[in-house]
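Participant: For reference, the structure I am asking about is given below.
The values are calculated or read from the model by the stated rules, or taken from the named source; none is laboratory data. Note that the structure is predicted; figures quoted are calculated from it, not measured. With ideal geometry, Cβ positions are generated from the backbone for all residues, glycine too; neighbour counts draw on all protein chains shown. With ligands, DNA and RNA removed, areas are computed over all heavy atoms of the protein, side chains included. Shrake-Rupley method; radii C 1.70, N 1.55, O 1.52, S 1.80 Å.
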Amino acid sequence: MGREEQLRWERDNAQWAAIAAALSAILTIAAGLYARSKVPTSSDDDAIDKIKLVYEHKTELLLATGLTGLGSALLAAPLYYLFRATRFRREQLPRGLQYLVFIAPILGAVTVFIHQIQTNAIADKIVPQLPLELQHAEDLIKDEVGKGGVAVVGGLATAAALGLAFMFVLISLNAMRAGLLSRFMGIMGIIVGVLVVIPLQGDLPLIQVFWLGALAALFLNRWPPPGRGPAWD
């Protein structure tokens, strides 16, 4: 693809990538705010209390997870747009990673939602049997969580999160080196990737939301300097 054709593609698709980034940010923050308003925060690590909490708020948790999943799936569009723009300017970014750009966000969205359905089903099975002797109840929960289907879905969700984190870091780093992102935006993108694996922000990933909003403005050339790198031209 020639230079003019690539720049034309970027101009033609900038709006869609920006919309997807903005919607992802909105859905992510909406899911976190909804969960905080509807589901009590529990600092207790007790497995029985956690399964009771799930049982009492199954619908709310499923809805919040669905919103989070949609926000995750939408990440594929802005990440692909930034990947393609970066790959054209910096060939060190492997072409084959474009497939991971789509697979990781969508797989993450699907597996997280399925895992919540499975957790709800476990709560439906265990909570009606309570009260039980403490050790027996905890063993019952461990047995249900460790079953094949639940473990497989949980493993896939972890793999998707690692893949998504890898894409955030790799694309942000290369886009910064290619001149598409400023140092600030590039480092922010790398931090977002790290926080996907180490969720220190809980259910309100404000750094990710801010970065996506800034990315949407950047795609539309509405982000003030030095957010938009010179290589876009």
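Participant: Could you list which residues have their amide H under 5 Å from that of Leu181, counting only those 5 or more apart in sequence or on another chain, with H placed in the peptide plane?
Facilitator: HN-HN under 5 Å from Leu181: Met176, Gly229.
Participant: Additional query: What order do Met185, Met1 take when sorted by accessible area (1.4 Å probe), most exposed first?
Facilitator: Met1, Met185
Participant: For the chain, which longest stretch is free of loop sites, where a loop site is one of the GluC sites (Glu not before Pro) that DSSP puts outside H, G, I, E and B and that has at most 13 other Cβ atoms within 10 Å?
Facilitator: In the chain, the maximal stretch lacking such sites is 134-233.
Participant: Pick out, in residue order, every one of the trypsin sites (Lys or Arg not before Pro) in the range 117-195 that is DSSP loop and has at most 13 other C-beta atoms within 10 Å; say none if there are none.
Facilitator: Lys147
Participant: Still on this model: When Rg is the radius of gyration of the Cα atoms in the range 97-221 and Rh is its Kirkwood radius, what does Rg/Rh come to?
Facilitator: 1.13
Participant: Let me ask something else about it. Between the alpha-carbon centers of the range 71-150 and the range 151-176, tell me the distance in whole angstrom.
Facilitator: Result: 11 Å between the Cα centres.
Participant: Using just the helices of the chain, give the 222 nm mean residue ellipticity in deg cm²/dmol: DSSP H runs with n ≥ 4 each add -39,500 (n - 2.57), and the total is spread over all residues, rounded to 500.
Facilitator: Value at 222 nm, helices only: -26500 deg cm²/dmol.
Participant: Let me ask something additional. Using Cα positions and a limit of under 23 Å, work out the lysines in reach of Lys38, with same-chain residues fewer than 8 apart set aside.
Facilitator: Once the sequence-local lysines are set aside, what remains near Lys38 is Lys50, Lys52, Lys58, Lys125.
Participant: Tell me the relative contact order for the chain as a rounded percent, counting alpha carbon contacts under 8 Å between residues six or more apart.
Facilitator: 27
Participant: Hydropathy first: keep DSSP H helices in the chain averaging at least -1.0 on Kyte-Doolittle, then drop any whose Cα extent along the axis falls short of 30 Å, and list what survives.
Facilitator: 3-38, 97-126, 148-178
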